[in-house]
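To keep things clear, I will list the structure first and then write my remarks on it.
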Amino acid sequence: MKLLVTGGTGYIGSHTCVELLQAGHAVVIADNLSNSSSAVLERIARIAGKAPAFHKLDLRDAQGLQALLQRNPVAAVMHFAGVKAVAESVADPLKYYDNNVNGSLTLFAAMREFGVKRVVFSSSATVYGAQAVSPIGERAATAPANPYGRTKLMIEEMLRDLCTADPEFRAVALRYFNPVGAHVSGLIGEAPQGTPNNLMPYICQVAAGKLPELRVFGKDYPTKDGTAIRDYLHVTDLARGHVQALDYLERVPGFSAVNLGTGRGTSVLEMLQTFERVNQVRVPWKSADRRPGDTVITYADPALAGTALNWRTQRTLEDMCRDAWRWQKSGLAD
Ligand code: WQD
């Protein structure tokens, strides 16, 4: 199948392009390179043995998008393109509504014009908000607590409405929990611009001596070691979920939302200690204040992904730590 992958040079997008190419699909990437580098294209090709096509394009450029779809008839779209920093979305909400919602609106309108009726959408567990009780299933109430999460839910609702308006239109929103790690080759991985917000890239930079120590945001949570708990999953497992979601769309009409997580919770200190043990490195840390907006415990009920997508995570926390460290040491991470 020939697919358009928006945001395909980004962290999740690039790992998904590798899996799509290795599954025999043809891939056309559209990315504005605002938070990624075109250098990743050659590495995707080196891993997969085939190169994706690439077009530098911002999804808000309707004419550019129409020209691309005119030249590249695709059977489906994997939609990753968007901005994704929670704190930034609180400080600059219009940037998030413009990039994420307006960009998606332009994309879906162009898809309708060219008769493209399949979407796999990169959504997020942040649509559930802080009150959700773990393990979180897809029927849990959605109440995003920040503009980033609200943009993800709005785009899901746009897709749901499109499926209602056109029975031939099919969409699945994949709600990611906490993707971490890197491709086992060490050629692609997470490359945050500036100081990382997320736990794993921060740990990697401390272990590499680029940052002095990890601040553990909260050591007084009601958990076994006082630190917050998340559902970390390997980015390659996540990417494979997208390939299986594509197959699912061939079988099931309408709109679906599916959680992608391991179903297991891991604390901040458990992650840090696993990283040190697996990689034989030290990660100095200190307790710090809780981070506003953080939940105490968030992990998935992944049952639907198992039955609907026939998808389960295969890689362990040790794999995540080993692969993240290999990527950090590659010199390509920053
Ligand atoms: C994980 C845990 C922190 C950094 C976010 C987004 C979510 C998704 C994944 C986009 C928390 C603690 C972190 C540090 C720390 N992104 N931590 N010190 O907040 O669960 O989810 O990223 O889709 O939408 O909300 O991930 O990695 O930032 O934090 O103690 O320097 O690590 O407090 O408990 P989070 P995270």
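Condition test on Gly189, is it more than 12 Å from the ligand (Cβ to nearest atom), modelled with pLDDT of 95 or more and part of a helix (DSSP H, G or I)?
So Gly189 does not fit the description; no.
Output the number of residues of the stretch 124-155 satisfying the condition of being near the ligand (Cβ under 10 Å from one of its atoms) and either of a type outside the set (A, V, I, L, M) or under 14 Å from Tyr299 (Cβ atoms) (or both).
Going through the stretch 124-155 one residue at a time, the tally reaches 8.
Would you tally the residues in the stretch 48-99 being among the small types (Gly, Ala, Ser) and either open to solvent by 50 Å² or more (accessible area, probe 1.4 Å) or not in a helix (DSSP H, G or I) (or both)?
Result for the stretch 48-99: 10.
Residue under question is Ala300, and the condition is that it be within 30 Å of His25 (Cβ to Cβ), of a type in the set (A, V, I, L, M, F, W, C) and open to solvent by less than 60 Å² (accessible area, probe 1.4 Å); does it hold?
Yes: the conditions hold for Ala300.
Within the stretch 189-235, how many residues turn out to be of a type in the set (Val, Ile, Thr) and under 19 Å from Asn279 (Cα atoms)?
3
If you take the residues in the stretch 194-238 that are within 7 Å of the ligand (Cβ to nearest atom) and hydrophobic (A, V, I, L, M, F, W, C), which one is surrounded by the fewest Cβ atoms within 10 Å (Cβ to Cβ)?
Among those residues, the one meeting the criterion is Phe217.
Which residues, counting only those in the stretch 35-47, are open to solvent by 20 Å² or more (accessible area, probe 1.4 Å) and either touching a helix residue (DSSP H, G or I) at 6+ places or on another chain (Cβ under 6 Å) or part of a loop (DSSP other than H, G, I, E, B) (or both)?
Result: Asn35, Ser36, Ser37, Ser38, Ile47.
Inspect the stretch 18-34 for any residue being closer than 20 Å to Gly331 by Cα, assigned to a loop (DSSP other than H, G, I, E, B), open to solvent by 50 Å² or more (accessible area, probe 1.4 Å) and polar (S, T, N, Q) and give the result as yes or no.
The answer is no; no qualifying residue exists.
Restricting attention to the stretch 118-125, does a residue exist that is farther than 30 Å from Gln328 by Cα, touching a strand residue (DSSP E or B) at 6+ places or on another chain (Cβ under 9 Å), open to solvent by 40 Å² or more (accessible area, probe 1.4 Å) and not in a loop (DSSP other than H, G, I, E, B)?
Within the stretch 118-125, one or more residues are farther than 30 Å from Gln328 by Cα, touching a strand residue (DSSP E or B) at 6+ places or on another chain (Cβ under 9 Å), open to solvent by 40 Å² or more (accessible area, probe 1.4 Å) and not in a loop (DSSP other than H, G, I, E, B).
I'm trying to understand the selection: among the residues of the stretch 272-295, which are of a type in the set (Val, Ile, Thr), away from the ligand (no atom under 15 Å from the Cβ) and either free of Cβ contacts under 8 Å to residues at least 60 places away in the same chain or out of contact with any helix residue (DSSP H, G or I) (no Cβ under 9 Å at 6 or more places or on another chain) (or both)?
Hit for the stretch 272-295 is Val278, nothing else.
Within the stretch 156-173, take every residue that is touching a Lys or Arg at 6+ places or on another chain (Cβ under 9 Å) and charged (D, E, K, R) and give me the one that is farthest from the ligand (Cβ to nearest atom).
Going through the qualifying residues, I end up with Glu168.
Cβ-Cβ below 6 Å, separation at least six or inter-chain, first residue in the stretch 141-164 and touching a residue at least 60 places away in the same chain (Cβ under 8 Å) and over 14 Å from Ser104 (Cβ atoms), second in a helix (DSSP H, G or I) and open to solvent by 30 Å² or more (accessible area, probe 1.4 Å): which pairs?
Filtered contacts from the stretch 141-164: Asn146/Val86; Asn146/Val90; Gly149/Thr126.
Filter the stretch 298-309 for residues that are in a loop (DSSP other than H, G, I, E, B) and more than 16 Å from the ligand (Cβ to nearest atom); which is farthest from Arg264 (Cα to Cα)?
So the residue we want is Leu309.
The values are calculated or read from the model by the stated rules, or taken from the named source; none is laboratory data. Quick caveat: nothing in here was measured; it's all calculated off a predicted structure. Cβ: placed from backbone, ideal geometry, glycine included. Neighbour counts: every protein chain shown. SASA here: full protein model, heavy atoms, side chains in, ligands and nucleic acids out. Shrake-Rupley method; radii C 1.70, N 1.55, O 1.52, S 1.80 Å.
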